Every structure is written in C-alpha cells, then in structure tokens.
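Notes follow the structure.
Where a number appears in this text, it was derived from the coordinates with a stated rule and is not lab data. What you see is a predicted model, and the numbers here were worked out from it, not measured in a lab. Positions of Cβ are generated from backbone atoms using ideal geometry, with glycine treated the same way; all protein chains shown enter the neighbour counts.
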C-alpha cells in the first residue's frame, strides 16, 4: 500500500504548537491499526482460498451444478456408486447425488431444474426388468435442455431393451443426451466396471 507522507514545516518559534502529524501516536492506536490490517489481510486470504477451492471442485464442468442419479442402493449397485463417486472426485467435479427410487417414492425431493447437467446410471438388477430410473422418468421430471450422460449396465437379455427405453424417455422429457453408453455385464469384473465408469466420467468432465 502506498502512503503519501508530507514533511512538516519547521516550527517558526519555540512556542509554536507542533503539527498534528508530528504529535506522538498513542500505543493503543498503533496496536488497533495493526490488528485491523491483519484482520483484513486474513479475510482476503480466506476468500481467495475459498474461490480457488470452489474452482477446483467444479473442474471442467460446463457450468452450474451436476446431479448424479442411480437406481437405488443395494449390493449390486453399491460397487458402481463407489466407482462413480471416486471418478467424479478424481475429475474435480462438484455434484449432488440421489437414488431414483427415492425420487419415485417421495423419500427424496430433488428438483433437476436446479442442475445444468445430469450423470445417470441405470442397471438391471437380479435378472428382472425393475428400473427405478425408468420409473422416475415416467413421472415426467422437467429435464428441458438438460445435458445428460447415460450409462446403462445389464445382462445381455435386458440390456438393449432398457437402453432403448431410457434413451427414449430422456428425449421425451426434453433432455439432451450428450453421451449414452450400454455395457453387458455378464462377464465383467470389478476392474472392468471401474474402468468403464472412469471413461464415462472423463468424457462427462471434458464437455
């Protein structure tokens, strides 16, 4: 900070009162000023740090917030949920997450209108046609203009059917499918599933 200091003129006589600038400053006033300067500096530093952290957490997201949607929490979905969380964190993407089953039941109330992009994983579980994501989309959430990245995982008997249903429902609800991938899971192991999720998130982060 630049300080403009002026030199006081010499006193014209011994009885002249010295200028105010030349008068001694009480120690308390100096202490108060130093504390104020340090406090302001700490606030600026904290704000800069928070801004940097927020910027890093958003990563390459195009704008706004990201919503990660999965079917439900069970022993089949939990490994995928862990893979998605790890990949999103590694990509530096700030996100909220919700189970579609909770949206359908009313247990969770998340309005997708508050998000710009959605990352969705739909899967067939236990050799049946159950799909909470499909049930959620049939409730016609407002997805107008939302960019959606979709991963569908299932055994080969159900894969094409679920993939077709979900992509059609997303388009019907006004979403923009920017990435839609299906993967047969009969012979995949944990490492292959983790790799597939990481690739999906990497494309999502790069948009």
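For a test of the definition: using alpha carbon positions, the gyration tensor, and the 1.5 limit on a/c, classify segment 66-205 as rounded, prolate or oblate. It comes out rounded by the Cα gyration axes.
Cα centroids of segment 95-159 and segment 180-201: 18 Å apart. Each label point was placed 7 Å from the Cα along the Cα-to-Cβ direction; for residue 113 and residue 195 their separation is 4.3 nm. Once R0 is set to 25 Å, what does the formula 1/(1 + (r/R0)^6) return for the Cβ-Cβ distance between residue 157 and residue 65, expressed as a FRET efficiency to the nearest 0.05? So the FRET efficiency works out to roughly 0.10.
Annotation for residue 202 and residue 184: the two label points, set 7 Å from Cα along the Cα-Cβ direction, are 2.4 nm apart.
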